[in-house]
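Below: the structure, in structure tokens.
The values are calculated or read from the model by the stated rules, or taken from the named source; none is laboratory data. This is a predicted model, so every value here is computed, not measured. Methodologically, a virtual Cβ is constructed for each residue, glycine included, from the backbone with ideal geometry; neighbour enumeration extends over all protein chains shown. Each accessible area value is taken on the protein alone, full model and side chains, heavy atoms only, with ligands, DNA and RNA left out. Shrake-Rupley method; radii C 1.70, N 1.55, O 1.52, S 1.80 Å.
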Amino acid sequence: MNVGIVGLGLIGGSMAKSIKTRTGHTVYGIDLDTETMTMARMCGAIDGALTEETLPRCRLILAAIRPGAAIRWVEEHLEQISPEAILVDLCGVKRVVVEAIAPMAAKRGFAYIGGHPMAGRERGGFTAATDSLYEGASMILTPDKRTDMRLLETLKDFFLDIGFAGLTFSDPEEHDRIIAFTSQLAHIASSAYVKSPEAQRRRGFSAGSFQDMTRVARLDEDMWTELFLDDADYLVKELDILIENLTAYSQALKAGDAERVRALLKEGRELKATAGGN
């Protein structure tokens, strides 16, 4: 199968490397950065460039770029996408992307489904991409009434082949609501946490807790600004809840209320045990 990948950063580059390492598919890729294209060719992550000539041959197209860019790319290349193709966007938000691309796909006649691989690293770019990024990860898909079982079986086989542990099905609304808590809020909390003056004086005093809290503060501010604003309604709700919970800890400490501090910590421990997982 011919696979086209739009964007060869961490996500798209890892897709390309995983496909070439684990399958016999042919990969055509495109990236705005010429150096990235050169590296992708030299290391064998792609077989060639995704062009006006090769795009119509692709039966699976993965859009691994920011939401706005993904929408614009589909608009600009709509007539070059084969009606027999499957397009999957890999954006970190779903409502704004699905709302824009689904009607275009229906008009052109190709299959489209929103996707979001639950994997990442604190550093981005093709140089951070790896063929093991998706090992054991979950691939979220947002099927709709136009999605048939054969399409889902095709995508299941493909994503399992390149290392994913399984598929998680959602709809764009649920995806954006949950991802605001599980991903976006964590990035904001980490970014805010490292702004303490003590962060610059912590050498010799930090261990795993500090590393865990600060890892995702090393983010791409342009990309995350777009994701945050596209999901601002749900993200603000989660941020307000976090601020309310932090305020409760602050008030208990200011009052020297040991019982209240203990109760807050116990509540958090029990909720974490109930939630389970990582």
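Is it the case that Glu135 is open to solvent by 70 Å² or more (accessible area, probe 1.4 Å), under 27 Å from Ile46 (Cα atoms), assigned to a loop (DSSP other than H, G, I, E, B) and modelled with pLDDT of 95 or more?
Judged against the criteria, Glu135 is a match.
Of the residues making up region 204-236, those that are closer than 19 Å to Cys91 by Cα and of a type in the set (Val, Ile, Thr) are Val216, Thr225.
Please go through region 56-73 and pick out each residue that is in contact with a strand residue (DSSP E or B) (Cβ under 7 Å, 6 or more places away or on another chain) and either within 22 Å of Arg146 (Cβ to Cβ) or among the hydroxyl-bearing types (Ser, Thr, Tyr) (or both). Steps first, please.
Keep residues of region 56-73 that are in contact with a strand residue (DSSP E or B) (Cβ under 7 Å, 6 or more places away or on another chain), which gives 57-65, 70, 73.
Hits for region 56-73 are Cys58, Arg59, Leu60, Ile61, Leu62, Ala63, Ala70, Trp73.
For Val98, the criteria (1) open to solvent by less than 10 Å² (accessible area, probe 1.4 Å); (2) touching a Gly at 6+ places or on another chain (Cβ under 6 Å); (3) farther than 18 Å from Ser14 by Cβ hold in every case but one, which is (1). Each residue in region 30-56 was checked for being loosely packed, with under 14 Cβ neighbours inside 10 Å, over 23 Å from Asp131 (Cβ atoms) and in contact (Cβ under 8 Å) with a residue 12 or more places away in the chain, and 2 pass.
Condition check ((1) more than 14 Å from the chain's Cα centre (by Cα); (2) open to solvent by less than 40 Å² (accessible area, probe 1.4 Å); (3) touching a residue at least 12 places away in the same chain (Cβ under 8 Å)) across all residues:
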| site | (1), (2), (3) |
| --- | --- |
| Asp89 | no, yes, yes |
| Ala106 | yes, no, yes |
| Tyr112 | yes, yes, yes |
| Gly115 | no, yes, yes |
| Arg123 | no, no, yes |
| Phe126 | yes, yes, yes |
| Thr130 | yes, yes, yes |
| Thr142 | no, yes, yes |
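Taking region 1-118 as the region of interest, the helices (runs of 4 or more DSSP H) fully inside it that hold 1 or more residues being of a type in the set (S, T, N, Q) are 10-22, 34-42. Test Gly124 against the stated conditions and say whether it is assigned to a strand (DSSP E or B) and either at pLDDT below 95 or touching a Cys at 6+ places or on another chain (Cβ under 9 Å) (or both). For Gly124, the condition - assigned to a strand (DSSP E or B) and either at pLDDT below 95 or touching a Cys at 6+ places or on another chain (Cβ under 9 Å) (or both) - is not met.
Here Thr21 meets the list (1) under 26 Å from Arg95 (Cβ atoms); (2) touching a residue at least 60 places away in the same chain (Cβ under 8 Å) almost entirely, failing just condition (1). Given the conditions (1) closer than 16 Å to Thr21 by Cα; (2) more than 15 Å from the chain's Cα centre (by Cα); (3) open to solvent by less than 30 Å² (accessible area, probe 1.4 Å), report the number of the one that Leu160 does not fulfil. For Leu160, the exception is condition (3).
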